[in-house]
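What follows is a short report on a single structure.
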Amino acid sequence: MNILVVGGGGREHAIITALSKSPRVDMIYAAPGNGGISKLAECFPVKATDIDGMVELAKKLKPDYVFVAPDDPLVLGMVDRLNDEGFKTFGPRANAAVLEGSKVFSKALMKKYGIPTAAYETFTDADKAIAYIKEQNSYPAVIKCDGLALGKGVIIAKDFAEAEAAVKSMLLDGKFGKSGSEIVVEEFMTGPEVTVLAFTDGKTVKPMISSMDHKRALDNDEGLNTGGMGTIAPNPKYTEAFKKECEEKIFKPTIAAMRDEGRPFKGCLYFGLMLTPNGAKVVEYNCRFGDPEAQVVLPLLETDIVDIMDAIWEERLDGLDIKWSGKSCACVVMASGGYPEKYETGKAISGLDENGQSDKAYIYHAGTKIEDGKFLTAGGRVLGITAVGDDLRSALDKAYAAVDTVSFEKAHYRKDIGRRALDG
């Protein structure tokens, strides 16, 4: 098979690595790809959001599948267009990707079908939102943009002043453009956070191994929110009891609700969960593999990913037994100095071989390019240093040992990935 993967970050490198292990795959193409991805796939300079360009590229390459990995093209309807042109795809159509594309839609769906989530109200009027926050007088308060905002459209306000500023920045100042023209104000939930990615063909849902993301830029969960500074899998907080509860009260009801709404979800559905004192609740849905969650979940997958893609496309996932290794995986993200705010790119990376890899761990490339045969930084998150071990401690030890051998100017990374899990 020949497969075209849309996207160019660490998640896409993880997906392409999994595809490259399949004996059923001959050729992998990526658009736009990145420096590290170019060692496994032929890259084409088409932006992930360029639907017309991607359709033209697919017509030229004639792939057996197009794997649409990022959120933006999914929400914009890239899968719909590719299907209309006769291409097999992995990823939801636009009417299902709205689960991530609109917080207002997803919260209303959960309310309608009784899927546990935080109490909330939605607003387009800043004065009404501010009056509601004042009336609730409950802090921290969570204020979310309705639409996609590169993972930055959620503000956790510790007091009224911060909450008021957040509302004004979204609804009055247009900080997030159209994405912030409607907002959700919701109660703050407490408890461990867990991510569970799930394969689904619109009828059956098969959860993957759980993971724990680390969103804050600095150690001890301090600093600004990022796209993710590291991950571990599985997440020890996600016990068998929670697993059962989530399957019955969240996973299956969500897939059934989307089907009942005439929006069958096919692909990978990301469940962001909070294990609260009152049970598991949904924090958010994403319509695709998480980044960097994909980097720790996919290395533990033993079933051929192409077999899973076929089962989803043909809606026979219920008959497929998906196997996992039973080991642990850890990913430490090395980021550019200044990320998630302003940062410089074009810094030379040392410690990688000619394939952008290390003999100490697997290196997923998130933001790199190749110039004159050398790997240079080309993004905020640059590398995901990833290792598998028999247990979490050994996976983390291996990952951090590899981090010590890789460097670039002003690199920064968290030194406490997985500590919460190890400390219980």
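Tabulated data for the structure shown
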| read-out | value |
| --- | --- |
| Residue among Pro277, Pro70, Pro340 with the largest mean-square fluctuation in a Gaussian network model of the chain, springs linking Cα atoms under 10 Å | Pro277 |
| Potential extension, Glu248-Tyr139 segment - 0.36 nm per residue separation minus Cα distance | 36.2 nm |
| Most fluctuating residue given options Thr190, Thr303, Thr200, as computed from a GNM of the chain linking Cα atoms under 10 Å | Thr190 |
| Computed E for Ala241/Ser325 - FRET, C-beta separation, R0 22 angstrom, nearest 0.05 | 0.40 |
| Carbon and sulfur %, accessible surface of region 343-402 computed with the full protein complex present, 1.4 Å | 45 |
| Stretchable slack from Arg24 to Tyr132, in nm (0.36 nm times residue separation minus alpha-carbon distance) | 33.3 nm |
| Surface accessible to a 1.4 Å probe, Lys237 within the full protein complex, Å² | 60 |
| Rounded accessible area of Met170 (nearest 10 Å², 1.4 Å probe) | 0 |
| Cut-off 18 Å, label 7 Å out along Cα→Cβ of Trp313, residues of region 188-223 by amide N | 199-203 |
| Computed E for Lys60/Lys178 - FRET, C-beta separation, R0 25 angstrom, nearest 0.05 | 0.20 |
| Cα pair count fraction exceeding 21 Å, expressed as % - region 16-97 | 24 |
| Computed magnitude of the charge dipole of region 184-230 (debye, nearest 20; Cβ of K, R +1, Cβ of D, E -1) | 300 |
| Area accessible to solvent at Val5, 1.4 Å probe radius, in Å² | 0 |
| Per-pair calculated FRET efficiency, R0 = 51 Å: Thr122 and Asn220 via Cβ, rounded to 0.05 | 0.95 |
| Within-14-Å neighbourhood charge of Ile255 [Cβ basis; K, R +1; D, E -1] | 0 |
| Solvent-free Debye scattering, log10 I(q)/I(0), computed from the Cα coordinates of the chain at q = 0.05, 0.06 Å⁻¹ | -0.16, -0.23 |
| Lysines with Cα under 28 Å of Lys415, excluding same-chain neighbours fewer than 8 positions away | Lys152, Lys158, Lys215, Lys237, Lys327, Lys342, Lys347, Lys360, Lys369, Lys374, Lys398 |
| Per residue accessible area in Å² of the chain, where ligands, DNA and RNA are left out and the probe is 1.4 Å | 41 |
| From phi via Karplus (6.51, -1.76, 1.60), per-residue ³J(HN,Hα) for region 371-385 in Hz, x at Gly/Pro | 9, 6, x, 10, 7, 10, 6, 8, x, x, 8, 9, 9, x, 7 |
| Candidates Val55, Val282, Val205, ranked by Gaussian network fluctuation over the chain, Cα under 10 Å, top entry | Val55 |
| Those lysines that a straight Cα-Cα span of less than 16 Å connects to Lys266, excepting residues fewer than 8 apart in one chain | Lys88, Lys203, Lys206, Lys252 |
| Given charges at beta-carbon only (K, R positive; D, E negative), |dipole| of region 304-394 in Debye | 600 |
| 18 Å cut-off, amide nitrogen to a point 7 angstrom out along Asp359 Cα→Cβ, residues in region 371-386 | 386 |
| Rounded Å value of the spacing that divides the Cα centres of region 87-128 and region 268-282 | 15 |
| Cα gyration tensor shape of region 328-397, rounded if a/c is under 1.5, else prolate or oblate by comparing a/b with b/c | oblate |
| Rounded percent of accessible protein surface that carbon and sulfur make up, region 1-74, 1.4 Å probe | 49 |
| From phi via Karplus (6.51, -1.76, 1.60), per-residue ³J(HN,Hα) for region 117-129 in Hz, x at Gly/Pro | 7, 5, 5, 7, 9, 10, 9, 10, 9, 4, 4, 5, 5 |
| Additional length obtainable on full extension of the chain from Glu341 to Glu302, 0.36 nm per residue less Cα span | 10.3 nm |
| Percent accessible area from carbon and sulfur atoms, region 101-163, protein chains only, probe 1.4 Å | 54 |
| All-pairs alpha carbon distance profile, region 374-424, 5 Å steps from 0, percent | 4, 16, 28, 22, 15, 9, 4, 1, 0 |
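The values are calculated or read from the model by the stated rules, or taken from the named source; none is laboratory data. On a predicted model such as this, the values are computed, not experimentally measured, just so you know. Neighbour counts run over all protein chains shown; Cβ positions are idealised from the backbone, glycine included. With ligands, DNA and RNA removed, areas are computed over all heavy atoms of the protein, side chains included. Shrake-Rupley method; radii C 1.70, N 1.55, O 1.52, S 1.80 Å.
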